[in-house]
Every structure is written in C-alpha cells, then in structure tokens.
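Read the structure below first, then the notes.
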Amino acid sequence: MSKKSFAWFYLILLGLIWGSSFILMKRGMHALDGTVLFSSSQVAALRMLIAGIILLPLTIFNFKKLKRLKDLLFFACVGFFGNFFPAFLFTYAETGLSSGLTGVMNSLTPIFTIFIGLLVFKQRIVAFQFAGVMIAAIGVVLLILGGNDVSFSGNFPQIVAVVLATLCYAISVNVVKFTLSGYKAMEIASIAFGTTLIPSIIITYFSGAVDFIRTEPKALEGLFFISILSIAGTAIALYFFNKLIAISSTLFASSVTYIIPIVAVFIGLQFGEKIHLFQFLSMGVVLGGVFMVNRPAK
C-alpha cells in the first residue's frame, strides 16, 4: 500500500474508534439500566490511568530513546493537550450537550490546526485545502441537521469545554508533526502517556473512583466500558494517530473529526434511527472536502 492508501486506512480506522468513544463514555457514566455510575471526572481519570498503566512497560523501555532532554517537554505537551485535558473536557461536555452539537463543534479541530500551524510553525496551506476544510465542515452540519439529534442548545461552560478540547487537539497535532517527527509512533504514544500517569493516579484517588468501585456492585459494568475506551479509544488510537500524522499533513490527520459524525450516524442504526437520503448526500460532501484537504500542496 502507498502512503496515501495507508493514510486513508488510518483515518477511517480512527474515525471508527473515536466515533464509538462517545457511547463508551456514556456507558461509563450510566449503566445499561440507567443507573448513575461514575462522574465525568472519574471516567476521564480512569481512562487516562488505565491507558497509562497499559503503556507503562513501553514507557520505561522507550524513555531511554530520548534524543534531547527538552523533547520531554514536547512529549508532555502531547500527553496533556492531546489526551489528558480533552479526556476531562469531553466527558464534562457529554453531561449536558447533545451528540449533534458536540459533533459540529468538534469540527473546529482542523480550523484550529490551520491557524496554529500558520502562526506558530509557519506551515503553508493552499487555498484549495482550506476550501476542503470548510466544505467538510458544512457537510458535517448538514449531516447532523438531517438526523434526529438536532438540539443545538447547551450550557455555556460545556460549550467552552468542547472548544478548548478541539484547541488542545490542534496544538498536539502540530507538536507531533513539527517537533517529534524523529520519533516512532509508539515512542511518542508511550512517553506522552508516561508524563500524565502520576496526575492520573492522584485525580483517580481523590475523585473517589476507587471507593466507588469497592462499594457499588454495578461499578464493574462501567469500569468494563471505560477499560475498552482506555485501551482501544485512547492508547491504541493514539498510536495510529501518530502514524497518520507521520505520513500525512496535520490538516489531513485532524480531519478525522469529520469522519466521527459519519460513524455516529451508522451507530445510530443500532438504536432504531434511520439514515435518510439527505444524510447520504451530506456524507458525500464531507468526504469530498476531506479529499480536497488531502491533495498535496504545490
């Protein structure tokens, strides 16, 4: 497979993984019978802690591969801005925002990626690629408007949380591309999570998550879904995301946020929702925009 084929493979795979993550977050906070389980902060802390523990052996092994001591600062930036902060921000946002509004606002990630790349890393972008970003964003809005979850109301703090999360992702993508390009994908993932492990342990303990697991019989059900979220949606996904960044542009890698709503629509089929022709056309608009984004700059 060519680099471009691999890039599309990773993009679709990440869309499938992260498109399912929002359901796993909800299942961590509420049992299948509706019982309230972990709080949003507990879900985020456990998610980061489990992922950090899973990657700990690789963290220890890869730590000696640091080329420069200052690179540790860049790894910490990826760990916190690419994973730690968004984990708390998104789970908090999930407590009050509809999936439709979250999906639309998540489309800010490529736009923030463009501006950070331009202002901080002096990255050039052609007008054709920028147009692709805007077309894909419009397609996402049309896709969500064509579904059942069209509530665009929400509390201001939760809306701000999503905006900050997308900004964090944009920072992380650019840092990986322009400062850590000399490292392999697994080295970046493992060392980045190593920098967040201690804070994850502290927050997990003081959030009361440990006591809740000991006393609540249904806690194991929520912990099961959080574990899947940690392993697949966090640790493994970060590895593939770093691979995608390495072989493509920051803009194309961040456009995975446009694939997530498409996955969410098909997941909705499992809950009795229907896909309309208008939504299929909207998916075509989204994919057309992403194709434009992936066109090499000349």
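Looking at segment 112-221, the helices (runs of 4 or more DSSP H) lying wholly inside it that each contain 1 or more residues that are farther than 22 Å from Y258 by Cβ and within 20 Å of the chain's Cα centre (by Cα) sit at 156-179, 185-206.
Among residues of segment 235-249 being assigned to a helix (DSSP H, G or I), surrounded by fewer than 24 Cβ atoms within 10 Å (Cβ to Cβ) and not hydrophobic (A, V, I, L, M, F, W, C), the one that is farthest from the chain's Cα centre (by Cα) is K243. For segment 233-250, the set of residues classified as of a type outside the set (V, I, T) and in contact with a Ser or Thr (Cβ under 6 Å, 6 or more places away or on another chain) consists of G233 only.
Quick check on G34: is it out of contact with any Gly (no Cβ under 9 Å at 6 or more places or on another chain) and on the phi > 0 side of the Ramachandran plot? I'd like the intermediate steps shown before the answer.
Details: out of contact with any Gly (no Cβ under 9 Å at 6 or more places or on another chain): yes; on the phi > 0 side of the Ramachandran plot: yes.
Answer is yes for this residue.
For A253, indicate whether it is at pLDDT 90 or above, surrounded by fewer than 24 Cβ atoms within 10 Å (Cβ to Cβ) and within 21 Å of G79 (Cα to Cα). No.
Checked against the criterion of being in a helix (DSSP H, G or I), closer than 30 Å to P157 by Cβ, touching a helix residue (DSSP H, G or I) at 6+ places or on another chain (Cβ under 8 Å) and at pLDDT below 85, the candidates F88, F84, F22, F80 yield just one match: F22. Against the list (1) in a helix (DSSP H, G or I); (2) out of contact with any Asp or Glu (no Cβ under 9 Å at 6 or more places or on another chain); (3) of a type in the set (S, T, N, Q), the condition N62 fails is (2).
Anything in segment 263-282 that is part of a helix (DSSP H, G or I) and modelled with pLDDT under 80? List them, or say none.
Of the residues in segment 263-282, the ones part of a helix (DSSP H, G or I) are 263-271, 277-282.
Of everything in segment 263-282, those that are part of a helix (DSSP H, G or I) and modelled with pLDDT under 80 turn out to be A264, V265, F266, I267, G268, L269, Q270, F271, L277, F278, Q279, F280.
The values are calculated or read from the model by the stated rules, or taken from the named source; none is laboratory data. All values derive from a computational prediction rather than experimental measurement. Using ideal geometry, Cβ is built from the backbone for each residue, glycine included, and neighbour counts are taken over all protein chains shown.
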